[in-house]
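The values are calculated or read from the model by the stated rules, or taken from the named source; none is laboratory data. Quick caveat: nothing in here was measured; it's all calculated off a predicted structure. Because the Cβ atoms are built from the backbone with ideal geometry, glycine has one as well, and the counts that use them run over all protein chains shown. Side chains included, ligands, DNA and RNA excluded: accessible areas come from the protein's heavy atoms. Shrake-Rupley method; radii C 1.70, N 1.55, O 1.52, S 1.80 Å.
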There are 2 protein chains.
Amino acid sequence: MIRMSKETDYGIVVLAYFASAKEGLKQNAREVAMESQLPLPMVRKILKILAREGLLVSQRGAKGGYSLTRGGERISIAEIVTAMEGPLAMTECIEAPGECRHEPVCGIRTSWQKINQIVFQALNNMTLSDLTGPLPGPMGSDPGKLVSLQ
Amino acid sequence: MIRMSKETDYGIVVLAYFASAKEGLKQNAREVAMESQLPLPMVRKILKILAREGLLVSQRGAKGGYSLTRGGERISIAEIVTAMEGPLAMTECIEAPGECRHEPVCGIRTSWQKINQIVFQALNNMTLSDLTGPLPGPMGSDPGKLVSLQ
DNA sequence: CTTAATTAGTACCAATCCAGTACTAATTAA
DNA sequence: TTAATTAGTACTGGATTGGTACTAATTAAG
């Protein structure tokens, strides 16, 4: 199954929450967990990752917390996915070239790279702001470009 | 990690093999396993699924085997993925609406549907023939359309 | 200076999922 | 009738994942 891990899914939910809140809002893990209805230990784990990867800035100590490093319109979904789970790699041969023992006789590795790239671009064309914008309705910073896909 | 399961990956490899062979070629599981360098039991399993899902036509009994039901240019990658693992669902709430307990308070489910759709369209725009075409070099029935994505 | 609150880092665990295998039944060419 | 082959299903060991626990480092406030 081609599926987002729950961790990544939650990461996007958490970031969408920050993006939809007042610009520059700082909140601690407990507050984020409350608001997003996600388990606190999980939220802690995710916030740490997002801070380490530079999508959130953290302040340690009492009255500490997290806030977005940039506006939601400047954070793509692809970037979040990459932060949570490393470079997008839909097959083993994308992530670790040379390790698949079929690689020498596999005629479609080049094609996998293209498929991977297409999916990446699709995720890269959507931003956090697109998620938190007015719903339902047209979405995306450039919906026309996306729709032209079909 | 957003990754194809090995089963799906192998399914695409196997189908690409059929598509690149002589039009209408019929081969049994053993032959396919030999050619594709994949484990025989796995190949058997995959061929069964692809036949059940209508991408391959099977002939049972001695001298039986499998062949493509259509030309490779009429089989999309999205179709293969769907055959191997059911409808593309990047999150639980896509596959089983109503089961995620966060759904009532989740502000981004509609967006997930759009992301899912974009990825699907990306995979739907690429066919088996695109995989087996001349490599290396430009690929796809309409490379320009794909490239315009960036 | 001390304390309490908070993030950072790491290690851990149970449950689920997945790649791969095994076995039996049904079908068919010879 | 036999041998070859696909159809269907069940099983398993190992990897992955969702989630937790614990300790160290940092900092605001009294």
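Qualifying trypsin sites (Lys or Arg not before Pro) in the range A:7-100, where qualification requires a DSSP coil assignment and no more than 11 other C-beta atoms within 10 Å, comprise A:K22, A:R60, A:K63. Using the Cβ-Cβ distance between A:T110 and B:R44 with R0 = 30 Å, the FRET efficiency computed as 1/(1 + (r/R0)^6) comes to roughly 0.60. Accessible surface for the protein assembly as shown, divided over its residues, is 49 Å² per residue with a 1.4 Å probe. For the range A:53-111, the equivalent ellipsoid derived from the Cα gyration tensor has semi-axes of 38, 13, 5 Å, listed largest first.
For chain A, the share of accessible area belonging to carbon and sulfur comes to 51 percent (1.4 Å probe, ligands and nucleic acids excluded). Structure note, pairs A:K45/A:K114; B:K22/B:K48; A:K22/A:K114: Cα-Cα distances above 27 angstrom occur for A:K45/A:K114; A:K22/A:K114. Estimated from helical segments only, the mean residue ellipticity of chain A at 222 nm is -14500 deg cm²/dmol, where each DSSP H run of four or more residues counts as -39500 (n - 2.57). Reducing the range B:9-85 and the range A:34-57 to their Cα centroids gives an inter-centroid distance of 44 Å. A 1.4 Å probe over all protein chains sorts A:I46, A:I94 by accessible area into A:I94, A:I46, starting with the largest. Across the protein assembly as shown the C-alpha pair distances fall into 20 Å bins from zero in the proportions 31, 50, 18, 1 percent. Extent along the principal axes, Cα only, for the range A:6-147: 57, 37, 23 Å, with the longest axis given first. Heavy-atom accessible area, probed at 1.4 angstrom with all protein chains present, ranks B:T127, B:T110 as B:T110, B:T127, highest first. Of the residues in the range B:1-16, those shielded by at least 50 Å² of accessible area once partner protein chains are present, compared with the chain alone at a 1.4 Å probe, are B:M1, B:I2, B:R3, B:M4. Here chain B is scanned for GluC sites (Glu not before Pro) in DSSP loops (not H, G, I, E, B) that have at most 16 other Cβ atoms within 10 Å, and the longest stretch holding none of them is B:100-150. Rounded to the nearest 100, the interface formed by chains B and A buries 4800 square angstrom of accessible surface, both chains summed, with a 1.4 Å probe. Counting only aspartates and glutamates at least 8 places from B:K26 when in the same chain, those with an alpha carbon closer than 19 Å to its own are B:E35, B:E53, B:E73.
Relative contact order of chain A, taken over Cα pairs closer than 8 Å and 6 or more residues apart, is 24 percent.
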